[in-house]
Amino acid sequence: MQDWISLPLVGFPLISSLLLLAFVSKASESMRNKLSDPIRMACLVFSLVLLGITTGMFFQYFGDVSWEGIGFNQYEYSHRYTWIESLGIHWTVGLDALSFPMVWLTTFLLPVTIIATWNEKNGATYFPIVLAMGGALIGVFVALDLFMFYVFWELTLIPMFFLILMWGGADRKYASQKFFIYTFTASVVMLLGLITLYFFQDPGNPLDYAGSMTGRSFDIPTITQHALAENSNGNWYLGANIQKVLFAMLMLGFLVKLPAVPFHTWLPDAHVQAPTGGSMLLAGVMLKMGAYGMFRLPISLFPHALEYFQLALMIIGMVSLVWGAIVCLGQTNLKKMVAYSSVSHMGVILIGIATMQPMGWAAALFMMFAHGIISPMLFAVCGAFKHHYHSMEIGAMRGMAKHSPWIATSMMFAWMASLGLPLLAGFVAELMMFIALWYFIDANGWSVFWMVGPALVLAVTAAYYLWSMQRTIFEGGDETQPPASLHGEPVPDLASPEKLAMLILAAFTILFGVMPWIGLDMMHDWTKQIFDGLILPILGDFNGGI
Amino acid sequence: MSNLTEIEPFGKGFVEAMGPELILFAGMLLLIIVPNLGQGTFRIPGTQVRLPWLLGGKRFEFTSDPRLPAWLATLTLGGAFFNVLYAFSQGLDRVAIVSESGKQLLLVNGFSRIFELIFFGALALAAFSSMNRLPVNGVGSKVSETELFNNRRQADFYILMVTCALGMSVVALAQDLFVLFIGLELASFSTYVLVAFLKESKVGVESGMKYFIVGSVASGVGLYGLSMLYLWAGSLQFDVLATAFATTSSTEMALPLIGIGFVLVGFGFKVSAAPFHFAAPDAYAGATSPVAGVLATASKAMGMIGLVRMLLIVAAPETGDGSAIWLACLGVLAAVTMTWGNLAALGSDNPKRMLAYSSVAHAGYMLAALTAVGAWNWDAAVSGDAGAAAVAVLTAVIFHLLVLVAFKLGAFLVLSILESEGDVSRLSSLGGLAKREPLLAVSMFIFMISLAGVPPMAGFLSKLLVIMGIVRVAVGDMGAELADGGIYALGDMHWVWWLALLMVLNSAISMFYYLRVGVVMFFDEPEEGREGPLPTGWQVRAAIFACVLTTLLIGVAGDAVLRLCEMAAQSLNYDW
């Protein structure tokens, strides 16, 4: 089969954006302003091409690939090229039910981000950087080689760093550095874990694609296969102690990226200072890299350690969920509130993972996807709010419903989607998490008090969202008394590109809320497979799972 | 491995083997003669007949061109560089230059050749990019730049660069500790003068003096150690020393250990390992940026050769109980060096001092790698994998030194452009570089994140290799043992694994100050008086872009270079 991933999905956005940037950097200041329009158009077209390719993949346009029923460690559109042979590094790409939704989501968000931030300043450099960000993100999700995975993992930091530093808010200098250093620190610990894992492979047991200098392999399918064979024999792959240590080291990198309490402090700063486009991609896709990585590496390779750390993960998830929601109540900054709500929602993912149920995992996967559509809308609304009212404070603008109906409606819709209104995408994931958690508690005889946290959070989430809506949309407001921050300008509403972006995001939120099976079926099939193959053999006395 | 050919000095095959050195020598002579060619005549005594002999007098237009020495030096160093590359492409012969009594003095093999590549590459880039900017900043100078630019000191500067290269290549080739020290001193004295070359500025003289005094003390201590080793073994040949070291019983170790320790002080100064690094930041800050770049790359590689030869050949890891005798000592030194360097760099606002401290940190990473080699036989269980592991670590060190030339020297070259419009002793002098010349700012950013070890830059690959080498040694054959039902915990790994952890944490710390440079360039406004366009000069820009391309290319596709380094590591005269 032709390679539809390497060049079209990864190489094309990266190379084209680099060429555009190189071209722009040689242009003069006035020329750059003139170039802004054509470059924006080019980036939009390029991102639509990407979206076309991934959508085509979904509808089996590029070869007969059935996304449902993909087995564990089975990859479609898979290709492998030798990269650095002496170390066993290959350019290996492939898609499965874990990565494909994320790749589609990335390609979906790219054009939406470009549309939503249509009038961003310095467009000639901004839009290529957004495109490069997309290429790097896709690279993370398609990489099936530890080295390649790490390279793209870190590569995503660079465009995001520049997005925050050059287009961010007043405190962007601090936020961009904090973001970079915080996540970099966790990643290098993860890197050491990956290398230690690499050398703990047994070179005597024939490894595919091993390096000529080292005798070990960076190949994720190979490592997963060896781990699976060892784990399903009832042994701990690499032994109990090492497995626990490596699991912890890898998880540190992913938990910081996710982020989970107590590693979440970089997120509110990064979000508040990031430009709208940066926030949309950051919340929409970049956070999901953490959850994606957990499934791809620690869970697949070290299921025993997952069981060992199950309680710890459950606690971290619960704390993230509850803490994120409670902190939201105290926020006066709209964007910060949304950022903390992301922390809370990432807690849902972590709880889903910690249940070790196929449905819990499917809930986590679907949450990654649903939050990937809803949170960009949240940030697009925040961006519009900031753009039009020159303030981020809740209450800086009151009674929006009267004079800015578009912003008010979008905000209401996004807020409702995020708090889990039935028939919208977020609800499906939360409901599944509840079912899985309830089942898990019941089957394992855990205390029923574990349900208190999530139940409480439902109320708290509704409270902070409704309360903020009350203060911005409904209460007060009068056309004759526009807010002071406008300095007498006419009260604005959404510009047309912003309206379009809101409509697209809203449409897909409804689509995946009403017909979740479009994505959910493949996710649940995959988690069921991984559960049957990986978890059931180690759970012993446990019967079944949903 | 090809057979060893032994030739005497000036014997058959000498010219082929010593090609790069002879090119350097010839270039040095040309550098002395050509800029002095003029219409000078010689009157035969007692007559009125004047014979033109071309030396002195009014110089020709061609020979008075201030760029001439720079071109000569660049061509000489570049010629030597390509000569080495050519030797690589022809497949390497191992050639030893022996004395009349049959002692090996110099040895040409992959190991020495790759270091020559590093030296000549770094010096050629430095010479090429100094072409249109000497003298630099002229802090406190009364003389105008044009006047300084037009004087004959040009030639001195480039002669010193070539002698420096000559000394360094002798260090790379030496098989005798004494020959090695002669090369080291030749290169050191050249660098002392190069650092102090800006005699018009107080900073230059002060830093030169400081560097000279500390450097000569370090050399003196090293020579004292040398004499002790001679007293003990009766020879300074590396192989004689190694045999003597292996056969000396542990009760009689005091003299050689003290001797080796003293010699290591001399090399430790060159690689700027803590606690011998104190002169480095001052020297870098006072020297012109290309010279500082040479100090941070070529000079450091030179010191590393000394360390490798002393630690891995003379005081080789024992086969009996396992690890090398210096293992714990070097491990502590590595930990202190990398942490100290990074913490000091955090607090320095002067970009050149910051780069100097980052250079100290990088020395720490390489010392950590050497520590891992010393642990190679720490347990019988590892022995199967040990040789390959040691080669892997050494490959990583060589690779790191090689790619360092691209991004470390490149960073100094960017500073060098800014330096020719004024002082760069504050980070804010980089302010607004992205607005003034975007490509330069992007280049500097690439150098910075490469130094920090962010993929896909070459610096990431080199750091990855060092970490991989250390982890490989630490893990050893445990993977195979695990498969046979062995049970291991974290503590069963050799303790050098913790050096790898310290190294990644240090990388994270270093991110602070590397990123700060990027923030200043892309975020801050230019300093007062720096709003205009940057000084011109295509040579230095060409050198910078060559460095950027190398950084990116090796980072993305470094396999060929990696294999070259592996070959060099294998060819180190050491029977793994």
Exercise. Tell me, what is the percent relative contact order of chain A, built from C-alpha pairs under 8 Å that lie six or more residues apart?
Worked result: 16
Exercise. Can you give me the relative contact order of segment B:325-576 as a percent, contacts being Cα pairs under 8 Å and 6 or more apart?
Worked result: 29
Problem set entry | Bridge type composition, segment B:1-316 - antiparallel percent by DSSP, nearest 5 | 75
Seminar exercise, completed: Of segment A:513-541, those with amide N under 20 Å from the point 7 Å along the Cα→Cβ vector of B:I487 are A:538-540
Exercise. What is the mean number of Cβ atoms from other protein chains located within 10 Å of the Cβ atom of each residue in peptide A:81-87, rounded to a whole number?
Worked result: 5
Exercise. Of A:M280, B:M228, how do they rank once you tally other Cβ atoms within 10 Å and put the fewest first?
Worked result: B:M228, A:M280
Seminar exercise, completed: When A:M148, B:M366 are arranged by how many other beta-carbons sit within 10 Å of their Cβ, fewest first, they go A:M148, B:M366
Seminar exercise, completed: Subtracting the Cα-Cα distance of A:N444 and A:N33 from 0.36 nm times their residue separation yields 141.7 nm
Seminar exercise, completed: Each residue of A:241-248 has, on average, a number of other protein chain C-beta atoms within 10 Å of its C-beta equal to 3
For this session: Treat the count of other C-beta atoms within 10 Å as a stand-in for reagent exposure and order A:S6, B:S420, B:S169, B:S250 from fewest to most.
Result: B:S250, A:S6, B:S420, B:S169
Exercise. In nm, to one decimal, how far is the modelled label at A:N119 from the one at A:K402, with both set 7 Å along Cα→Cβ?
Worked result: 2.4
For this session: With θ set to phi - 60°, apply the Karplus curve 6.51 cos²θ - 1.76 cosθ + 1.60 along segment A:335-344 and write out the HN-Hα couplings as whole Hz, x wherever there is a Gly or Pro.
Result: 5, 5, 4, 5, 4, 5, 5, 5, 4, 4
Exercise. Of the cross-linked pairs A:K26/B:K352; A:K244/B:K408; A:K121/A:K336; A:K121/A:K257; A:K178/B:K463, which ones have a Cα-Cα span greater than 30 Å in the structure shown?
Worked result: A:K244/B:K408
Exercise. Under the definition of partner shielding as Cβ atoms of other protein chains within 10 Å of a residue Cβ, what is the mean value for peptide B:450-457?
Worked result: 5
For this session: Rounded to the nearest 0.05, what FRET efficiency do A:M41 and B:F523 give with R0 = 35 Å and r taken as the Cβ-Cβ distance? Could you check?
Result: 0.75
Seminar exercise, completed: The longest stretch of chain A containing none of the trypsin sites (Lys or Arg not before Pro) that sit in a DSSP loop with at most 16 other Cβ atoms within 10 Å is A:122-546
For this session: Return the distance in nm (one decimal) between the two label points of a simple spin-label model at A:F23 and B:T5, each offset 7 Å from Cα along Cα→Cβ.
Result: 5.4
Seminar exercise, completed: Relative contact order of segment A:132-241 (C-alpha contacts under 8 Å, at least 6 apart) in percent is 20
Seminar exercise, completed: For the A:L48, A:H390 Cβ pair and Förster radius 35 Å, calculated FRET efficiency rounded to 0.05 is 0.65
Exercise. Among the aspartates and glutamates, which fall within straight-line cross-link reach of B:K199, defined as a Cα-Cα distance under 20 Å, with same-chain neighbours fewer than 8 residues apart omitted?
Worked result: B:E145, B:E147, B:D156, B:D282, B:E419, B:E421, B:D423
For this session: Rounded to the nearest 500, what is the 222 nm mean residue ellipticity of the protein assembly as shown from helices alone, with -39500 (n - 2.57) per DSSP H run of 4+ residues and division by all residues?
Result: -21500 deg cm²/dmol
Seminar exercise, completed: Distance in Å, no decimals, from the C-alpha centre of segment A:239-294 to the one of segment B:1-71 is 63
For this session: Pop a pseudo-label 7 angstrom from the Cα along the beta-carbon direction at both B:I258 and A:I326 and give the gap in nm to one decimal.
Result: 6.6
Exercise. Which aspartates and glutamates have a Cα less than 17 Å from the Cα of A:K34, not counting those fewer than 8 places away in the same chain?
Worked result: A:E120
Seminar exercise, completed: In nanometres, the difference between 0.36 nm per residue of separation and the alpha-carbon distance of B:V336 and B:L51 is 96.1 nm
Seminar exercise, completed: Length gained if A:L466 through A:A170 is fully extended, taking 0.36 nm per residue and subtracting the Cα-Cα distance, is 103.7 nm
Exercise. When DSSP assigns beta bridges and you keep just the ones with both residues in the protein assembly as shown, what percent turn out antiparallel, to the nearest 5?
Worked result: 85
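All of the numbers you see were taken from the coordinates with simple rules; none came from a lab. Since this is a predicted model, take the numbers as computed values, not measurements. Don't worry about glycine lacking a Cβ; one is built from the backbone with ideal geometry, like all the others, and counts go over all protein chains shown.
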